[in-house]
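Okay, structure first, notes after.
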């Protein structure tokens, strides 16, 4: 029993020694955050600089994109100005002359020049006349009964539509055929 008591005392002493050692280590742990403060401050400063660099990069990229767009627009506008100059010349010539055939020829040349500018920028007219009506490409403003044309066929183009690289810029304004109830009934009986 004396041996057990001695063993128990030794265990208790070891526990006390461990607790004392833990207490000694605690101040070291408290000192560690102070040691890490300069490193944390350095990381914080790096983060702030990286965030500022990213913001500057984003602003610079936006500015460059806008400048590039403006250069592209200027190229288009310069070509359109040439067309405007030719219209001005045609008007001046028409005021001084009675040669309407020459004037018509000049205006047709200007139209051709303008269509050339549009073609260089991949703008093309949307086919409409005698085509089936497509609501994605055409805007129907009139419906007319027509027995000699299939239903939903474009029979007149009132305004040319344009597309660029498959995207509709402006739909064609069209007149579309429709069959009357009598015509449709008559066709059904022939079948």
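Based on the Cβ-Cβ distance from residue 13 to residue 36, what FRET efficiency comes out when R0 is 35 Å, to the nearest 0.05?
My answer for the efficiency is 0.50.
Could you calculate the FRET efficiency of residue 61 with residue 167 from 1/(1 + (r/R0)^6), where r is the beta carbon distance between them and R0 is 25 Å, rounded to 0.05?
Efficiency, rounded to the nearest 0.05: 0.50.
Highest first, please rank the peptides 130-136, 96-102, 153-159 by the mean number of other Cβ atoms sitting within 10 Å of their residues.
Ranking the peptides 130-136, 96-102, 153-159 by packing returns 153-159, 130-136, 96-102.
The numbers here are math on the coordinates, done by the rules we state, and not lab data. Small disclaimer: the values here were computed from a predicted structure and weren't measured. Note: ideal-geometry Cβ built from the backbone for every residue, glycine included; neighbour counts use all protein chains shown.
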